[in-house]
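The values are calculated or read from the model by the stated rules, or taken from the named source; none is laboratory data. Remember, predicted model here, so these are calculated numbers, not experimental data. Note that each Cβ is placed from the backbone with ideal geometry, even for glycine, and that neighbours are counted across all protein chains shown.
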Amino acid sequence: MTSKLPLEGVKVADFSWFGAGPICGRLLADYGSTVVRVETETRVDSLRVVAPFAKGKTGYNVSGYFNNYNAGKLGILLNCNTEDGLRIARRLIEWADIFLTNITPRVVERWAMTYENLVKINPRIIAVYQPMQGFDGPHRDFLGFGAVLTPITGYNHLSGFPGRPPMGLGTNYPDYVINPGHTFVAIMAALHYRNRTGKGQRVECAQVESSCAPLAPAIFDYTANGRVQGPQGNNLSYAAPHNAFKCKPVSDGGRPMDERWIAIACFSEEEWQALVEVMGKPDWALDAKFATLKGRKENEAELEAGISAWTGDKDAYELMEDLQRRGVPAGVVQSAREILDVDEHMKARGYYAYVEHPEAGVHAHDGPPFVLSKTPGRVRSPAPLLGEHTEYVCKEILGLDDEGIAELMVAGALA
């Protein structure tokens with residue numbers, strides 16, 4: 001028998017798009033919420049046209065990005081730039097427990113979807129907003145995604161290598177990890193409050209502030225020591241070695257495969273001594289200049305050259321197992337292929353969910369990020385095709401009849 005999900009009965013009107021909002025909505029869906037994802041053909045969600053696509057497929061329904069972050073939802077096409085479209089949106093909000101959006105404050109205000117307006121429609125609504133830089137302040141109307149947040153919040157200043165331009169994180173990191181997670185926690189708090197008091201509330205998770213939070217050590221370093229941290233590459237001030245080292249290349253049937261690297265870190269003298277032992281106590285590693293963390297940091301380039309020479313002909317996975325057994329933190333730098341096909345730990349944990357999509361086929365999806373022993377979450381269905389559930393939502397949720405739906409389509413409200 002399938003376990004009951006913890007958020008069953010919670011209804012969500014998901015007016016978000018792209019990354020941070022839909023991922024939060026996906027979390028709500030995984031744990032049982034009925035999530036109606038609102039889209040429009042007048043401005044298709046950009047993730048629907050972003051690679052990777054299912055092999056040999058084209059169109060709005062085969063993006064791996066979109067399908068992963070919107071699994072488990074119902075999809076409706078609604079044009080909120082029309083009065084009839086806004087009327088249907090208000091009916092959906094009247095049905096919902098949670099209103100979720102990461103659209104800009106200007107659009108929220110133009111569509112009259114501020115909390116002050118929504119609470120008149122639904123006094124118990126929990127209205128959740130994820131503006132990039134908040135609803136007030138001089139930058140409230142600035143546009144951008146995670147690729148804009150990483151520089152303005154300081155990540156880019158800390159990334160890369162000394163003396164070289166900032167590298168960034170290579171992805172819209174806050175969109176995928178920090179912002180949706182913080183918002184999900186805030187929603188749980190608002191639901192708890194409503195369960196106690198019967199009252200909804202407005203939740204604002206400004207993405208700029210959410211993104212700043214994990215940088216507390218750098219902020220504290222400046223506050224306490226007046227020191228502005230800069231890029232350190234893969235190094236840390238309190239560990240040596242702390243880097244990735246190249247291992248023996250591998251191939252599969254003559255076909256070149258992933259370049260192999262192993263990350264090795266020593267945070268204590270015990271870990272360093274264990275590494276020296278694994279390396280066979282080479283003369284260079286026994287030199288007095290490597291006997292302390294201070295000495296290893298002062299001679300880090302020479303230290304890393306010695307370790308690189310040692311790892312160069314080693315199998316990365318065998319070396320990782322050996323180092324871990326001896327108490328040395330180490331891990332293979334895995335590619336996506338290796339995480340899915342090689343990593344036995346991830347397979348045993350059953351994290352990835354393989355979902356069959358009507359157009360994209362069967363593909364791996366992220367599983368629920370935490371496991372509840374009594375009410376575990378799960379990926380319940382594939383992401384909706386563009387407008388797949390418009391008729392169902394209009395009839396079963398909003399109570400419209402065929403004639404009313406046809407009139408709305410002719411008027412351009414359902415599109």
Given the conditions (1) touching a Lys or Arg at 6+ places or on another chain (Cβ under 9 Å); (2) in contact (Cβ under 8 Å) with a residue 24 or more places away in the chain, every one holds for Thr114 apart from (2)
All but one of (1) farther than 19 Å from Trp111 by Cβ; (2) surrounded by fewer than 23 Cβ atoms within 10 Å (Cβ to Cβ); (3) touching a helix residue (DSSP H, G or I) at 6+ places or on another chain (Cβ under 6 Å) hold for Pro6, so report the exception by its number. (3)
Would you confirm whether any residue within segment 196-206 is crowded, with 17+ Cβ neighbours inside 10 Å, within 23 Å of the chain's Cα centre (by Cα) and free of Cβ contacts under 8 Å to residues at least 40 places away in the same chain? no
The one condition in (1) assigned to a helix (DSSP H, G or I); (2) touching a strand residue (DSSP E or B) at 6+ places or on another chain (Cβ under 8 Å); (3) of a type outside the set (S, T, N, Q) that Arg91 fails to fulfil: (2)
If you go through Ile187, Ile262, Ile219, the only one that is under 28 Å from the mean Cα position of the chain (by Cα) and assigned by TED's automatic domain parsing to the domain that holds Val148 is Ile187
Given (1) in contact with a helix residue (DSSP H, G or I) (Cβ under 6 Å, 6 or more places away or on another chain); (2) of a type outside the set (Ser, Thr, Tyr); (3) free of Cβ contacts under 8 Å to residues at least 40 places away in the same chain, identify the lone condition not met by Cys394. (3)
The lone condition Arg43 fails out of (1) free of Cβ contacts under 8 Å to residues at least 12 places away in the same chain; (2) crowded, with 18+ Cβ neighbours inside 10 Å is (2)
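Being part of a loop (DSSP other than H, G, I, E, B) and among the charged types (D, E, K, R) is the filter here, so list the residues in segment 17-46 that pass it.
Filtering segment 17-46 for residues part of a loop (DSSP other than H, G, I, E, B) gives 17-19, 31-33, 40, 44-45.
Scanning segment 17-46 gives a single hit, Asp45.
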